[in-house]
Amino acid sequence: MARSLYNTDLYREKLESVSADVLRNVRINKGFLVWMGILTISLAACLYAYTIQLQKGLGVTGLRDATSWGMYIATFVFFVATSLIGMLISSVLGLSGTKWIKPITRIAEIIAVAFAAVAGLVIISDMGRPDRFPYLFLYGRIQSPILWDVTVVTTYLFVSLMLWFIPLIPDLAISKSRLEGRPGFLIKIYEILSVKWVNHDRQFQIMHQAMRILLILIVPLAFAIHTVTSWLFAVTPRAGWDSTIFGPYFISGAFVSGTAAVIIAMYFFRENYKLQKYLTDFHFEKIGRVLALVSIIYIYFNINEFIVPGYKLKTHEAIHLKELFTGHYAWLFWGVQLAGLVIPVALLLIKRMRKPLPLLLISIVVFAASWFKRYLIVVPVQGHPYLPIQNVPVEWMVYKPTIIETSVTMASMILVLMIITILSKLFPVVPIWEIAEEEATVNEEIEHK
Amino acid sequence: MSEEINKPGSDDQEIDETLESSRRDFLKKVGLVGAASVAGAAAVYSGYRFEKNKNKGDTVKVLTEDNRLVEVSKEEINDIKYQVKSFQTKGRDGIKGKKWVMVIDLSKCRNARKCVNACQSAHHLRPYEYHINTLVMQESVNTPKYFMPKPCQHCDNPPCVSVCPVDATYKRQDGIVLIDNERCIGCRFCMAACPYSARMFHWQEPMNAEEDKNKPYNVELNVPQKKGTISKCLFSADRVRENALPYCVSACPNGVFYFGDENEDSVTNGTTKETVSFSELLEKNGAYRLMAELGTKPRVYYLPPKNRIFDFTEGEKPEYKETT
């Protein structure tokens, strides 16, 4: 009975066919170079905007004393939020034995790594003195939530990177002999990163053990990073941020933007990498249900966050809510709540809407709305502090993001795209050995019957 | 060509001779200069010895920083300039045994804005950059409007200090909350946390950046101000160290501000220079603190705007424009 699956002919056969399909995309072709070229040029243009900011100070942004956190912090929250999807897919669904997530775990981890890695850089773009970043380590005070954030985001990034890399090792070993015609450096990288993997049972055993530990470890870590991010706001006494449900409110929202991101990536890889065989309608159907579920949970937290203070209408809460419901931010607010959350849920309940293309369109709207949602959490609260803003220039009264600020934000998004591109183009984007294993097991079961 | 070079030419000899003579010349000069400097040094040294002996025994009594009276000989006295480090050490310690408090009598404020101006000129701020600002307040439609000077409240439970990740903003033993611009990383978490909007940020190069460039940074004055860092009201920590009243307090023409030491239970009015009992002043006038319900425990007390001897007129509002 202890006969290992990894030594059967059936497994080897499956491995051949899957690796052929997947490795077809692992190459440095014209499309890749052109795309990376476009990204690099746009990144350079956007980084030029950052040099202006470095030179002249944060005054080149729309930020002023009243609204001193804006687009950058909103983007930071959005990035941290989106990165949580790695934990939801690999751990929560993976540990509960969900089989259909196998082909998308790596996509989810790539998204986790890319967004978590750039989130830290976004914070630096918001700093008045980025040159003093090392002070966080030299003079860090443990009671500041910023210290907690720095600690957990780095840890989360590292563990996510491991969760991407460890299941990739067998794939690297499988692939390195199948990479004829690829540049030598790539084969060399595969050789080094495959850490002498020989498909030995003992190796699989160690890998499964390591993965188990990491998959359990990442759950509290992921909760920690986004709860702490929410506490950057919730620990302040400001009306609109001073909320006890900010932790779960942020986490539930994180799953919405993350799931949308994974769906967008799935669709892209399915079409571009011709992976219809592995990312099937069935997978879209399933992940569509996940999106509906997490959106419904998020709506529930939104109801709590707005209805409870809306019922009491305490002076400053009332001013804030009025700004959102009927005031300056009303269009954005209702747009995000309805088009970005309620309507998508209604649509997702229809089976036809969970087909790849409609699901992609819904996800794009949800994903974009998720960014604006973070903007609405960060910005409007500061426009109405407890004491009135008086005797200042007009620019200081209402926050309006500038082009420079938008460009620097774009730079961070381009960086995310670059990381995703590199990780998904130079390495197999769906796990070859796991899919072969899955297919072989299914075939075996059928034969036994 | 090569033959010509190998031939010992007359030109080369000439050059050699010139070089030789200039070398001798040079050595002579060096010798002269050397002798002269030895003589000069000897003269200077004997002069120094003479001066030294003349002053021997002359001493002077000086008070050290830790309040000891000591005697040193006069010749050993050097004028020193306060450097950033010494500013930092005393700026972080605060003044032992003191608990500074401010009382603001709203019934007397007519929005003269002299406090604002004095503060801005002391701390090198632009007209729209505030450590203290006077606001027009109105609690509700039926209650009267009044003017309210608003400095930092120097809370005893300061939210800004709690959230600072690098110990740039801190609470001193004498109750003052300061910000160290040499440490601040510009994350603005303190601004987000402050319910009184008491903090400002240098979004651009500070007003006097060029002129102040070479001054040692005084954490008790926040000068030179620094781009990309926070600045805030300091209760004029540099002035109270010299037993003087804060800039805003002494600039007020209307007797709005009282400032003093809670431990001594006395506060002094900046205009009349009259010193009164702190607790009595609060008790007799129904004093309160801003947003006491937040639990921040401010060190600034307000006396309500009752029995005003003037009519409230808002006057013309000046227009503020961003400048570089």
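Side notes on the structure shown:
- Sequence-ordered 3J(HN,Hα) estimates for segment A:273-283 from the Karplus curve with 6.51, -1.76 and 1.60 and θ = phi - 60° stand at 9, 6, 9, 3, 5, 9, 9, 8, 4, 4, 5 Hz, glycine and proline given as x.
- For the peptide B:315-323, the mean number of other protein chain Cβ atoms found within 10 angstrom of a residue's Cβ is 3.
- Interface burial for B against A (accessible surface, 1.4 Å probe, total of both chains, Å², rounded to 100): 3800
- Dipole-positive endmost among B:ALA292, B:TYR247, B:GLY40 within the protein assembly as shown (Cβ charges, Cα centre): B:ALA292
- Inter-label distance for A:ALA330 and B:PHE310, nm, one decimal - labels placed 7 Å from Cα along Cα-to-Cβ: 4.1
- Computed from point charges on the beta carbon alone (+1 for Lys and Arg, -1 for Asp and Glu), the dipole magnitude for segment A:227-360 about its Cα centre is near 500 Debye.
- Cα-based reach from A:LYS277 at 26 Å (exclusive), listing lysines while leaving out same-chain residues under 8 positions away: A:LYS14, A:LYS30, A:LYS99, A:LYS102, A:LYS176, A:LYS286, A:LYS351, A:LYS355, A:LYS425, A:LYS449
- As a fraction of the 1.4 Å probe accessible area of segment B:126-186, surface on carbon and sulfur atoms comes out at 50 percent.
- Normalised contact order of segment B:84-303, rounded percent, pairs of Cα under 8 Å and 6 or more residues apart: 28
- Unsatisfied cross-links (Cα-Cα over 19 Å) in the set A:LYS400/B:LYS321; B:LYS85/B:LYS215; B:LYS150/B:LYS284; B:LYS99/B:LYS297; B:LYS108/B:LYS284: B:LYS150/B:LYS284
- At least 30 Å² of accessible area lost relative to the chain alone, listed for segment B:207-229 with a 1.4 Å probe: B:LYS227
- Note on chain A: GNM, Cα springs under 10 Å; of A:LYS188, A:LYS14, A:LYS373, the largest mean-square fluctuation is that of A:LYS188.
- Where B:THR296, B:THR271 fall by accessible area, highest first, once all protein chains stay in place (1.4 Å): B:THR271, B:THR296
- Shape index of the protein assembly as shown: Rg/Rh, with Rg the Cα radius of gyration and Rh the Kirkwood radius from the inverse mean 1/r over Cα pairs, equals 1.13.
- The magnitude of the dipole of the protein assembly as shown, with charges of +1 and -1 set on the Cβ of Lys/Arg and Asp/Glu and taken from the Cα centre, is near 1540 debye.
- Accessible area of chain A belonging to carbon and sulfur atoms, whole % at 1.4 Å probe: 70
- Förster-model FRET efficiency, 25 Å R0, A:GLN276 and A:ASN199, C-beta, rounded to 0.05: 0.35
- Segment A:137-216 and segment A:1-65: distance between their alpha carbon centers, rounded to Å: 16
- Residue by residue, segment B:249-262 carries 3J(HN,Hα) couplings of 5, 7, 7, 5, x, 10, x, 6, 9, 10, 9, x, 10, 5 Hz when phi is fed to the Karplus relation 6.51 cos²θ - 1.76 cosθ + 1.60 (θ = phi - 60°); x denotes Gly or Pro.
- When peptides B:119-132, A:25-38 are sorted by average Cβ neighbour count within 10 Å, with the highest value leading, the order is B:119-132, A:25-38.
- Angle in degrees between helix A:201-234 and the longest Cα principal axis of chain A, rounded to the nearest 10: 10
- Note on A:TYR139 and B:ASN78: the model spin-label points, each 7 Å out from Cα along the C-beta direction, lie 2.7 nm apart.
- Taking the Cα centre of segment B:84-303 as origin and assigning +1 to Lys and Arg Cβ atoms and -1 to Asp and Glu Cβ atoms, the resulting dipole is close to 360 debye.
- 10 Å-binned pair-distance histogram of segment A:333-449 (Cα, whole percent): 10, 20, 26, 23, 12, 6, 3, 1, 0
- Computed extension gain for A:LYS351 through A:LYS322, at 0.36 nm per residue and net of the alpha carbon distance, reaches 6.7 nm.
- Under 5 Å from the amide H of B:VAL223 lie the amide H atoms of B:ASN218, each residue being 5 or more positions distant or on a separate chain, with H modelled from the backbone and absent for Pro and chain starts.
- Computed over chain A, the percent of Cα pairs more than 30 Å apart is 48.
- Considering only A:LEU186, A:ASN7, A:THR315, the residue lying farthest towards the positive end of the dipole of chain A is A:LEU186, judged by Cα position with unit charges set on Cβ.
- Rounded to the nearest 10 degrees, the angle from helix A:403-425 to the longest Cα principal axis of chain A is 10 degrees.
- For the segment A:54-64, counting C-beta atoms of other chains within 10 Å of every residue's C-beta and taking the mean gives 4.
- Positive-end ranking of B:LEU221, B:HIS202, B:ASN142 along the dipole of segment B:84-303, with charges on Cβ about the Cα centre, is headed by B:HIS202.
- Amide H to amide H distances under 5 Å link A:PHE427 with no residue, where only residues 5 or more positions off or on other chains count and H is placed in the peptide plane.
- Mean-position separation - Cα centroids, segment B:219-297 and segment A:219-259, in angstrom: 38
- Amide H to amide H distances under 5 Å link B:CYS155 with B:ARG299, where only residues 5 or more positions off or on other chains count and H is placed in the peptide plane.
- Per-residue ellipticity at 222 nm from helix content only, as computed over the protein assembly as shown with -39500 (n - 2.57) for each DSSP H run of at least four residues, stands at -17000 deg cm²/dmol.
- Accessible area per residue, Å², the protein assembly as shown with all protein chains present, probe 1.4 Å: 48
- For chain A, the longest principal axis of the Cα atoms and the long axis of helix A:71-83 meet at an angle of about 30 degrees.
- Cα point-scatterer Debye curve for chain B, base-10 log of I(q)/I(0) at q = 0.07, 0.08, 0.12, 0.13 Å⁻¹: -0.45, -0.52, -0.89, -1.01
- For segment A:138-150, backbone phi angles converted through the Karplus equation (6.51, -1.76, 1.60; θ = phi - 60°) give residue-by-residue couplings of 6, 10, x, 10, 5, 7, 8, x, 5, 4, 4, 5, 4 Hz, Gly and Pro being listed as x.
The values are calculated or read from the model by the stated rules, or taken from the named source; none is laboratory data. Since we're looking at a predicted model, the values are computed, not measured. When we count neighbours, we look across all protein chains shown, and the Cβ atoms used for this are built from the backbone with ideal geometry, even at glycine. The accessibility values were calculated without ligands, DNA or RNA, using every heavy atom of the protein model including side chains. Shrake-Rupley method; radii C 1.70, N 1.55, O 1.52, S 1.80 Å.
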